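Reviewing the structure listed below.
The values are calculated or read from the model by the stated rules, or taken from the named source; none is laboratory data. What you see is a predicted model, and the numbers here were worked out from it, not measured in a lab. We place every Cβ from the backbone using ideal geometry, glycine too, and count neighbours over all the protein chains shown.
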Amino acid sequence: MSSHAPGPTEPAGPLPLLTRLRSRAGAHVRALTRSNSGLSIDYDNPPGDPGLFGPDAVCWRVHADFPAMLAGGVSALLLQALHPLALAGVWDHSSFRTDMQGRLGRTAQFIAGTTYGSRADAMRLIERVRRIHANVTGTAPDGRPYAADDPELLTWVHVAEVSSFLAGYLRYVGPLSTADQDRYFAEEARVAALLGAANVPASRAGIHAYLAAQRPYLVNSDRTREVVRLVMTMPVANPLLIPAVRTMADAGVALLPPWAREALGLHRPSVRRSLSAAAMGALAPTLRWALGPGLAARARRRVARTA
């Protein structure tokens, strides 16, 4: 946004400058997770539409905090990379190695749209993902066939995401009761089921049991190690954002269960990662200030309006 002189009703002095700085900073931060899917979501219309969940849902709270969600997204990517078949589909059929920000952006749009969008927009996003998954098939390096619409693989991807998002909220935002954590997982299980996932755990205990049962099938392969390298050195177009991106990567690693950090080779002492908690404590409030109220506030206004 370019600088301009105060208008007749615009107060002179530091407030307009501060507003411009906030707007510019917010635009740079949003660019980190801007979707290139080609879809546009209208969070302001139609009036009165609560979407899939409505403002009283726990997912509206958990998904509203950008810093925690971004750290959770990093954690989910790393966790998903331990599953050979899930990783094979992404490796063979996406551009994440050259456009990791684009992948984060598409995931962010899906999460935001299914949480805060109208019911029609949410279902449009879900159907789009189902169409894409239907064409993602192949053979993993170990010779096993894979399909992105395999209900069991969909469950793995889902659990990696929601467990990471909730971990991000609990670590970087604040506590939630066990009952609310269970509600969150039950709410998000509905989205997973609409995508075609099977046997989706819908409680905190169910999520923990599922992850424990999957551990024997997880592998730290050459491909997994390349994903780790890419995440930890994620390139960004704006060099001024590099410190923030590195902090978010470390914040995501901190969310992983100890066994996952060890499996990924990220359990060894690191000066950079040891400083991540303090860095996140300074960065997160700045990001929240730059981004302002966000999509949750827009969606609340939509739900409160009458047609």
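Here are a few things to note about the model shown:
- Checked against the criteria, Val159 does not count as among the β-branched types (Val, Ile, Thr), within 20 Å of Ala76 (Cβ to Cβ), at pLDDT below 95 and buried (at least 18 other Cβ atoms within 10 Å of the Cβ).
- When the stretch 213-227 is filtered for residues that are assigned to a helix (DSSP H, G or I) and within 14 Å of Asp142 (Cβ to Cβ), the ones remaining, listed by number, are Tyr217, Asp222, Arg223, Thr224.
- 2 or more residues at pLDDT below 95 and either among the β-branched types (Val, Ile, Thr) or under 24 Å from Ala57 (Cα atoms) (or both): qualifying helices (runs of 4 or more DSSP H) within the stretch 72-152: 100-116
- In the set (1) surrounded by 15 or more Cβ atoms within 10 Å (Cβ to Cβ); (2) without any contact (Cβ under 8 Å) to a residue 24 or more places away in the chain, the condition left unmet by Ala213 is number (1).
- When we screen Leu287, Leu295, Leu256, Leu291 for residues that are closer than 30 Å to Arg225 by Cα, modelled with pLDDT under 95 and crowded, with 16+ Cβ neighbours inside 10 Å, the only hit is Leu287.
- Any pair with Cβ under 6 angstrom, 6 or more apart, that starts in the stretch 145-161 at a residue that is at negative phi and aliphatic (A, V, I, L, M) and ends at one that is part of a loop (DSSP other than H, G, I, E, B) and surrounded by fewer than 20 Cβ atoms within 10 Å (Cβ to Cβ): Ala148/Val136; Leu154/Gly196
- Only residues that are within 19 Å of Leu77 (Cβ to Cβ), charged (D, E, K, R) and touching a helix residue (DSSP H, G or I) at 6+ places or on another chain (Cβ under 7 Å) were counted in the stretch 88-125, giving 1.
- When the residues of the stretch 257-293 are filtered to those that are touching a residue at least 24 places away in the same chain (Cβ under 8 Å) and among the basic types (Lys, Arg), the one that is nearest to Ala167 (Cα to Cα) is Arg288.
- Residues located in the stretch 262-272, provided they are surrounded by fewer than 18 Cβ atoms within 10 Å (Cβ to Cβ) and part of a helix (DSSP H, G or I): Glu262, Val271, Arg272
- Hey, Val173 modelled with pLDDT of 95 or more and within 17 Å of the chain's Cα centre (by Cα) or not: yes
- Unmet criterion (only one of (1) farther than 30 Å from Ser221 by Cα; (2) part of a loop (DSSP other than H, G, I, E, B); (3) among the acidic types (Asp, Glu)) for Asp180: (2)
- Restricted to the stretch 228-251, and to residues there that are of a type in the set (S, T, N, Q) and assigned to a loop (DSSP other than H, G, I, E, B), the residue that is modelled with the highest pLDDT is Thr233.
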